[in-house]
Amino acid sequence: MTISRSSLLGGLAIDVTFDAPVGAMTWYGIGGRADILVSPHTDAAVIELVSRCRAQDVPLRILGGGANLLVDDSGIDGIVVKLDNEHFRRVRYSAGGAIGAAQIGAGADLFRLVQDTKRRGLTGFEMMAGIPGTLGGAVRMNAGGAWGEISDRLRTITHLSLDGEVRHLDAAAMGFRYRGSDLPPGVILECTLELDEDDPIAVAERVKDIFQQKRASQPMADQSAGCTFRNPTDPETGDRISAGELIDKAGLKGCRIGGAIVSDQHANFIVSEPGASATDIRRLINHVRDTVADRRGITLDPEVVIWSRGGRA
Ligand SMILES: Cc1cc2nc3c(=O)[nH]c(=O)nc-3n(C[C@H](O)[C@H](O)[C@H](O)COP(=O)(O)OP(=O)(O)OC[C@H]3O[C@@H](n4cnc5c(N)ncnc54)[C@H](O)[C@@H]3O)c2cc1C
């Protein structure tokens, strides 16, 4: 596809990088480059860009912190948008006068939000301790775990549809569920969260406790995209089964393809060694999925988002 760069990008309040190393910007730190990476300065610039992409049939993908993402070695066509301008990282506490209400741009960093809320003595965000990424990525994935999910505290979402329409969505009506929701495709611009006041020391203790438990059970220092697969549902009981346990019982801990390895610490993490390629990771994901399907009759569904040239995300 030939993209007319000036008709797509001209006159907008954006920073543009051509042939940008987006794979290297993910937590895996591997994979190919994006033809065009755009960092908008304003909501109006994103809205106009989305409309132009739609009119010119140019694929558009949103990059958060890249903590749940694998970029194919062949790279990415179309446009990758990263909401890393200060405008999208803004945080306003006590929004509308309510102490616990926080109005937060989608590009805000989760680690920073955990630290900020802790310092302010606000409880409700501790469940995100140890989860890397941005607020927008967390909402898209409904990130969380044993201590809760982001949707537990989410109240509204300012959402830009791929038709260019901005709507303020009531999070309670968006069907949030385990690592998913009915949120339509598009760009999450901003969210409001409802937190409660608490003793900052008590909040800090809980954050520390959650972080330590994660560090003990997950390979947090290695390069990965977190859990590779969603926990499947037991067809008989309807309960969630641990994907990590299924992979472990299939004897796959330590299994390696090239520089991709099933973590010895947590079997649902596929970690990468220096020199690994995205193809190594993809081949190992397929091998794990096929082996578990053969042995247990359960087909695991990847939680990791995979971007490839020609694909739509
Ligand atoms: C060490 C480690 C531990 C982890 N632990 C956990 C865990 O305990 N629980 C958990 O749930 N996850 C975990 N993860 C995965 C990851 O941290 C979360 O999924 C996180 O929410 C991803 O956010 P991100 O901004 O990095 O999204 P990205 O990886 O950049 O993107 C993920 C998806 O969200 C979309 N997206 C991003 N921003 C926006 C936006 N503004 N609007 C619309 N779509 C958007 C992307 O297009 C993509 O489809 C872990 C990852 C690592 C590396």
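The values are calculated or read from the model by the stated rules, or taken from the named source; none is laboratory data. Because the structure is predicted, anything quoted here is derived from the model rather than measured. Counting neighbours? That spans all protein chains shown, and the Cβs are built from the backbone with ideal geometry, glycine included. These area figures cover heavy atoms from the full protein model, side chains too; ligands, DNA and RNA do not enter into them. Shrake-Rupley method; radii C 1.70, N 1.55, O 1.52, S 1.80 Å.
Overview of values
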item	result
Per residue solvent-accessible surface (Å²) - the range 220-307, probe of 1.4 Å	49 Å²
Part-to-part distance (alpha-carbon centres) for the range 162-217 and the range 16-71, which is given in Å	22 Å
Ranked by how many other beta carbons lie within 10 Å on average, peptides 108-118, 65-75 from highest	65-75, 108-118
Summed side-chain charge close to residue 172 - residues other than residue 172 whose Cβ falls under 12 Å, Lys, Arg +1, Asp, Glu -1	-2
Surface share of carbon and sulfur [accessible, 1.4 angstrom probe, percent] for the range 156-216	50 percent
Label-point separation, residue 74 to residue 16 (7 Å along Cα→Cβ), nm	2.5 nm
Accessible area per residue, Å², the range 90-216 with all protein chains present, probe 1.4 Å	44 Å²
The chain: calculated mean residue ellipticity at 222 nm from DSSP helix runs of at least 4, using -39500 (n - 2.57)	-8000 deg cm²/dmol
Where a label projected 7 Å from the Cα of residue 112 along Cα→Cβ would reach, residues of the range 138-160 with amide N under 16 Å	138
Share of carbon and sulfur in the accessible heavy-atom surface of the range 220-307 [1.4 Å probe, %]	42 percent
Accessible area of the range 1-62 belonging to carbon and sulfur atoms, whole % at 1.4 Å probe	51 percent
Three principal axis lengths of the range 1-96 [C-alpha, angstrom, descending]	46, 33, 18
Surface accessible to a 1.4 Å probe, residue 141 within the full protein complex, Å²	30 Å²
Over the range 90-216: Rg over Rh, Cα atoms, Kirkwood Rh	0.96
Hull volume in cubic angstrom per residue (convex hull over the Cα atoms of the chain)	135 Å³
Extension gain from residue 197 to residue 170, taking 0.36 nm per residue of separation minus the Cα-Cα distance	7.4 nm
Whole-number accessible area per residue in Å² for the range 5-86, which is evaluated in the context of all protein chains at 1.4 Å	38 Å²
Two-decimal log10 I(q)/I(0) for the range 254-309, as the Debye equation yields it once each C-alpha is a single scatterer, q = 0.13, 0.21, 0.22 Å⁻¹	-0.32, -0.80, -0.87
Longest segment of the chain lacking GluC sites (Glu not before Pro) that sit in a DSSP loop with at most 15 other Cβ atoms within 10 Å	1-164
Hz values of 3J(HN,Hα) by residue in the range 291-301 - Karplus curve (6.51, -1.76, 1.60), Gly and Pro given as x	5, 5, 4, 4, 7, 10, x, 10, 9, 6, 9
